[in-house]
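Read-outs: derived from the displayed coordinates by stated rules, not from any lab. If you're wondering where the values come from, they're calculated on a predicted model, not measured in any experiment. Note: ideal-geometry Cβ built from the backbone for every residue, glycine included; neighbour counts use all protein chains shown.
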């Protein structure tokens, strides 16, 4: 991940891009905690809303794999898509993708 | 350079907009909800306001309408910035805002924003016709579901006849349904962000403030036992705290129960009137029965032979025992029946008074539980007791000094056992209840059958009359009829 070129592409300073990344991590950490609790208690509305929120933020940052996984989780929670895997399996997949992205981002912060 | 206000609940988006716009030399304020945006616009008059559509508390559409109404913001340009554009490219936003910029990846968004700000100075009419940046947005088909769900809830809440309000932590109205708008006779825009407590009289406002301050996860309801009276309306108010993710608010539902209260009052008045009428009917029945008793008494004075006199006196006593029940009915508050103990005391005293021909009055012991009987039971039971006591006073205790009559009732599981015992001379030899032809005992047998009971008469250091019947059998029969 080239922080400098990312910031250049957006048209902001590197520091500003780092602040966006920090905010993204901070919010996504909270959202994933909320998702985990909601999956344990099977609260479909919170799963769906939170996955939607993660997808929007990831889309803005162009973390498209993460956005796709969040989208899939939301579709599953809303019953619009069938899968042999459970919501928890999908959540774990999203979490792994996020953690790898987070490690990549944090290496540059 | 411009003064710009950005309203969006996504902190990453706020930071991005702040950075991009500040870089261009603009003065930027960022706010994550509509209520605070309205508050800040009192002091910070922006040239341009960016508004997200999906936000907590007041949503973007309502916020646009409220901002447009503010005189101080007449020259401010409003720009919707939202991802909803993906689902509804034909969305007509011209009444809400001057322009609509679709949310897109940050990488490509900056030129769109700068370009848009320039165009806002030139031709807002052209900008209000189409959504900018539609070609750049990520496919967001899920948002459509959220929007549908939101519209669905909006339709549901609008169809509720109770006034429904949502308040933020500072008691400001952040949502009101159609019934709520009608309830206060104000426009939605006038109600939104107003302090909820200011909508009520100071007395009710103080009470509501305490409730809103103390409400926890339990629902609070006022106006159930003691209706709240405000502006000539009877109200019932329910309060619930909402806690969802980090979202906190309070739901207030106001139900106008004025018409219900009026119906209730009408029913109470009707009932009172009917009770008065019923009392009057019992009073007249009692008076008429007493007239019949007086006529029989009068007729007795014209008779010469003792047996005929006795028959008329017996009949007169029977009529009077029935009149006594109606007298008790109109003298008490409860018209559904009489209390047996009070009735028996009066009945026995009356009979002893009639048959009192001895120097020492007959002693009576009445031992009965507090039984409340309806007319179906009270009338036959009264007549039965009338016959038994009359028999005791007239025959059993004849010539007996220190005569005593004991009346007991045992009531167990609705099975009543009445015994009337006298310490008199007892039944004649070879007495057979089934073969006895006296009118009095014939009446007792028939009335006992009417009570679905069994009657017996036997010697027991005097005479004991026994009647067993089930109260519920008689009551069930009555309700069936």
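Key figures
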{"read-out": "The range B:213-302 shape via C-alpha gyration tensor axes, a/c threshold 1.5", "value": "prolate"}
{"read-out": "For the range A:17-38 and the range B:332-354, distance of Cα centres in Å", "value": "83 Å"}
{"read-out": "Residues residue A:92 and residue B:242, FRET efficiency given R0 of 30 Å [Cβ-Cβ distance, rounded to 0.05]", "value": "0.45"}
{"read-out": "Using alpha-carbon coordinates, inclination of helix B:106-122 to the longest axis of chain B, degrees", "value": "80 degrees"}
{"read-out": "Per-pair calculated FRET efficiency, R0 = 25 Å: residue B:277 and residue B:233 via Cβ, rounded to 0.05", "value": "0.15"}
{"read-out": "Mean Cα-pair separation over length for the range B:160-256, i.e. relative contact order, pairs under 8 Å, 6 or more apart, %", "value": "29 percent"}
{"read-out": "Contour excess over end-to-end distance, with Cα ends at residue B:425 and residue B:189 and 0.36 nm allotted per residue", "value": "75.4 nm"}
{"read-out": "Net length gained if the chain between residue B:336 and residue B:303 were fully extended (0.36 nm per residue, minus Cα distance)", "value": "7.9 nm"}
{"read-out": "Relative contact order (%) - chain B, alpha-carbon pairs under 8 angstrom, separation at least six", "value": "7 percent"}
{"read-out": "Normalised alpha carbon radius of gyration of the range B:337-481 [divisor 2.2 N^0.38 Å]", "value": "1.03"}
{"read-out": "FRET E, pair residue B:414, residue B:202, Förster distance 41 Å, beta-carbon r, rounded to 0.05", "value": "0.15"}
{"read-out": "Relative contact order (%) - chain A, alpha-carbon pairs under 8 angstrom, separation at least six", "value": "23 percent"}
{"read-out": "Residue B:128 paired with residue A:4, simple spin-label distance in nm, labels 7 Å along Cα-to-beta-carbon", "value": "4.7 nm"}
{"read-out": "Chain A: angle of helix A:14-40 to the longest principal axis, Cα-based, in degrees nearest 10", "value": "10 degrees"}
{"read-out": "DSSP beta bridges in chain B [antiparallel fraction, %, rounded to 5]", "value": "70 percent"}
{"read-out": "Cβ-based exposure ranking for A:29, B:353, in which fewest neighbours within 10 Å come first", "value": "B:353, A:29"}
{"read-out": "Neighbour-count order for A:8, A:15, fewest beta carbons within 10 angstrom listed first", "value": "A:15, A:8"}
{"read-out": "Average other protein chain Cβ within 10 Å of Cβ, residues A:23-35", "value": "2"}
{"read-out": "Taking the convex hull of Cα positions in the range A:22-106, its mean projected area over all directions (nm²)", "value": "4.8 nm²"}
{"read-out": "Cβ-based exposure ranking for B:330, A:17, B:175, in which fewest neighbours within 10 Å come first", "value": "B:330, B:175, A:17"}
{"read-out": "Using alpha-carbon coordinates, inclination of helix B:471-480 to the longest axis of chain B, degrees", "value": "60 degrees"}
{"read-out": "Distance in nm between pseudo-label sites at residue B:366 and residue B:260 (7 Å out along the Cβ direction from Cα)", "value": "4.5 nm"}
{"read-out": "Inter-chain Cβ neighbour average for residues A:48-55, partner chain, 10 Å", "value": "3"}
{"read-out": "For peptides B:266-273, B:202-209, B:230-237, sequence by mean Cβ density within 10 Å, most packed first", "value": "B:230-237, B:202-209, B:266-273"}
{"read-out": "The range B:3-140: translational diffusion in µm²/s, Stokes-Einstein, Kirkwood Rh over Cα pairs, 20 °C, 1.002 mPa s", "value": "145 µm²/s"}
{"read-out": "Theoretical gain in end-to-end length, residue B:270 to residue B:461 [0.36 nm per residue, Cα-Cα removed]", "value": "63.2 nm"}
{"read-out": "Whole-number D in µm² s⁻¹ for the protein assembly as shown, Kirkwood Cα-pair radius fed into Stokes-Einstein, 37 °C, 0.692 mPa s", "value": "102 µm²/s"}
{"read-out": "Residue-averaged beta-carbon neighbours from other chains (10 angstrom radius) around B:235-241", "value": "0"}
{"read-out": "Over chain B: Kirkwood hydrodynamic radius from C-alpha pairwise inverse distances, Å", "value": "30.6 Å"}
{"read-out": "Rounded to 5, percent antiparallel among DSSP beta bridges of the protein assembly as shown", "value": "70 percent"}
{"read-out": "Rounded, prolate or oblate (a/c below 1.5 giving rounded, otherwise prolate when a/b exceeds b/c) for the range B:1-82 by Cα gyration tensor", "value": "oblate"}
